[in-house]
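This report concerns only the one structure given below.
The values are calculated or read from the model by the stated rules, or taken from the named source; none is laboratory data. Since this is a predicted model, take the numbers as computed values, not measurements. Using ideal geometry, Cβ is built from the backbone for each residue, glycine included, and neighbour counts are taken over all protein chains shown. For the accessible areas, the whole protein counts, side chains as well, though only heavy atoms, and no ligand, DNA or RNA atoms are used. Shrake-Rupley method; radii C 1.70, N 1.55, O 1.52, S 1.80 Å.
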Amino acid sequence: MKSKRISQKQQPEPPTTLLNLQNVEDLHWKMQQVQLAIARRAYELFETRGCEHGHAWEDWFRAESELLRPVSVSMSESDDRISVRANVLGFEGNELKVGVEPRRLTILGKKETIATKTEGGTAENIDWVPDQILQLIDLATDVIPEGSVVELQAGLLTFELPKAAKHEAKTAAAAAQGTIQARSLGVRNPSAAVKDLIPMKRASQQLIKDSAETANQFETTAQLLEDLAVHADSGKERQRCLAAARDFRRAAQNKSANR
């Protein structure tokens with residue numbers, strides 16, 4: 001009875017390792033070294049068949065299969081983030097290097113060689129399974145590299161990537177809210193606040209799309225932007241404010257029409 005209770009205990013979860021993002025330029029250089037090794041092996045295969053042309057891709061893919069371990073990848077997406085999972089079973093956190101760019105993920109892996117002592121001396125363990133990973137994952141939406149989190153648990157590499165569009169929309173919304181507060185406190189010359197609204201035009205369409213604001217609130221924001229345009233320091237800032245104001249006024253009209 002006692003042994004049965006022990007066997008029913010839940011096994012502890014495997015530890016989670018947080019991976020640091022690598023400098024993209026350094027990662028690209030290391031990636032080139034792997035690609036050169038693949039190119040050399042592909043050329044050896046070309047020479048083996050007597051330098052017969054017409055099999056370049058076949059040689060390249062075979063070289064990849066000999067040198068690189070395949071990685072299965074799955075991806076999911078929500079309104080504000082992209083989640084990517086890659087199967088890197090057999091690799092430890094210190095054997096992996098990862099990079100995040102706005103539209104691409106890079107995974108590099110190299111298994112450490114483990115040496116064992118024998119009676120005749122020291123011998124290296126030889127594993128015929130490919131001991132390297134080179135995986136590039138293209139993304140359909142821009143993400144924010146500095147806000148990304150990469151974790152390794154039980155051979156599963158997980159990327160949590162915040163979307164850039166959502167971040168810009170939130171930045172614009174915060175800027176607009178701050179300027180509304182300044183106006184309510186009686187600020188007469190909010191030209192400095194105009195500069196805080198520079199991302200407004202770029203993000204206004206996304207902000208309007210995701211917002212549950214009422215028509216009156218959209219109209220208030222449009223009026224605010226028009227007031228700020230009067231105090232803008234440059235024609236470029238004035239045009240940005242006016243363009244964003246038109247977006248919000250059009251949204252107010254659409255909200256009223258859909259009531």
Note to self: Restricting to the stretch 102-121, name every residue that is in a strand (DSSP E or B), polar (S, T, N, Q) and modelled with pLDDT under 90.
What the structure shows: T116, T118
Item checked: Failed condition for Q11, given (1) under 23 Å from I137 (Cβ atoms); (2) part of a loop (DSSP other than H, G, I, E, B) -> (1)
Item checked: Residue match in the stretch 72-79 (condition: in a helix (DSSP H, G or I), at pLDDT 85 or above, in contact with a Lys or Arg (Cβ under 8 Å, 6 or more places away or on another chain) and open to solvent by 60 Å² or more (accessible area, probe 1.4 Å)) -> no
Notebook entry, point to check: Are there any pairs, at least 6 apart or on different chains, whose C-beta atoms fall under 8 Å, with the first in the stretch 233-259 and closer than 9 Å to A222 by Cα and of a type in the set (A, V, I, L, M, F, W, C) and the second modelled with pLDDT of 70 or more and open to solvent by 70 Å² or more (accessible area, probe 1.4 Å), and if so, which?
Noted result: A245/Q223
Checklist line | Failed item, numbered, when E52 is tested on (1) assigned to a loop (DSSP other than H, G, I, E, B); (2) closer than 24 Å to T158 by Cα; (3) among the charged types (D, E, K, R) | finding: (2)
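Would you confirm, using the coordinates I've provided, whether G90 is outside any helix (DSSP H, G or I) and either among the charged types (D, E, K, R) or touching a residue at least 24 places away in the same chain (Cβ under 8 Å) (or both)? Break it down stepwise before answering.
Working: outside any helix (DSSP H, G or I): yes; either among the charged types (D, E, K, R) or touching a residue at least 24 places away in the same chain (Cβ under 8 Å) (or both): yes.
Here the answer is yes, as G90 does meet what is asked.
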